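The next block holds one structure in the form of structure tokens; read it before the comments.
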Amino acid sequence: GSNTFIDGFESSLKREKIGETTEINVTFPATYQETSLRGQAVIFAVKINYAMKSGELTDENAKKAGFDSAVALADAADKHAIIATAWESVLDNIKILDYPKKEMKIQLKDTLEDYETALEKQSLTFEDYAIKNEMSVDELKENINNNEVKNMIATNLVYYGILQKADYILTTDDINKAKEHIEFEGKKNDLEISDYTDMYIEGYAAYTAAGEILYKNAKVK
């Protein structure tokens, strides 16, 4: 009930019990900070590990969520909120003049492979998914390219634009931290770090570094 997740996420969880696994069907809002996800329908596979009533922000409960203390959790939440708001402001006020063809081609290939992997888990083919969306395969690919892929590339251009403006060069430490995070999240879906492209890993590192720069320069009213 924190109202910090996308509409429908928390209300769906309230019906479930600890230890149960459920699927939540929601749609990312049109103003979501990650432009590649705006307006996209998504299914979250969620396992309920523990429940905490509103107001029970204790060290013990914070540690269950992976933080050292309640103060650390609260600080992380504040920082996340500031970065998310800063990203929303930046992404709402940009215009991409040109899209790099090579990167577009690579991203489309990776995105289509991700679709196929996700659909296989549902015993569906890409052709089945196209029919379900009342499109031909070529129309669906074109739709993915013009929406999701362009949004991903646009977002990456913003990440690197921020780093360039700040004269920041990604370090080996940035890449390694990105790998650790991606590997940790990937295990939840039975994925290994080798399942991710170098471009994806570097892009996440750039996103994280750019977010830190926005955080340091954000003016909180």
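The values are calculated or read from the model by the stated rules, or taken from the named source; none is laboratory data. In this text the structure is predicted, and so the values were computed from the model without any measurement. Cβ coordinates were reconstructed from backbone atoms using ideal geometry, including for glycine residues, and neighbour counts include every protein chain displayed. Just the protein is used for accessible areas: all its heavy atoms, side chains included, with ligands, DNA and RNA removed. Shrake-Rupley method; radii C 1.70, N 1.55, O 1.52, S 1.80 Å.
General observations
- Of all the residues in region 170-196, those that are surrounded by 11 or more Cβ atoms within 10 Å (Cβ to Cβ), among the charged types (D, E, K, R) and over 17 Å from the mean Cα position of the chain (by Cα) number 1.
- Just one residue in the set GLU148, GLU134, GLU142 is open to solvent by 70 Å² or more (accessible area, probe 1.4 Å), in a helix (DSSP H, G or I) and over 30 Å from LYS221 (Cα atoms); that residue is GLU142.
- Across region 26-62, the qualifying residues are those that are among the charged types (D, E, K, R) and modelled with pLDDT under 80, and the one among them that is surrounded by the fewest Cβ atoms within 10 Å (Cβ to Cβ) is LYS53.
- Tally, over region 155-188, of residues that are in a helix (DSSP H, G or I) and without any contact (Cβ under 8 Å) to a residue 12 or more places away in the chain: 13
- Boolean, LYS109 is assigned to a helix (DSSP H, G or I), modelled with pLDDT of 90 or more and within 17 Å of TYR200 (Cα to Cα): yes
- Index of the failed condition, ASN146 passing every other in (1) farther than 18 Å from ALA41 by Cβ; (2) at pLDDT below 90: (1)
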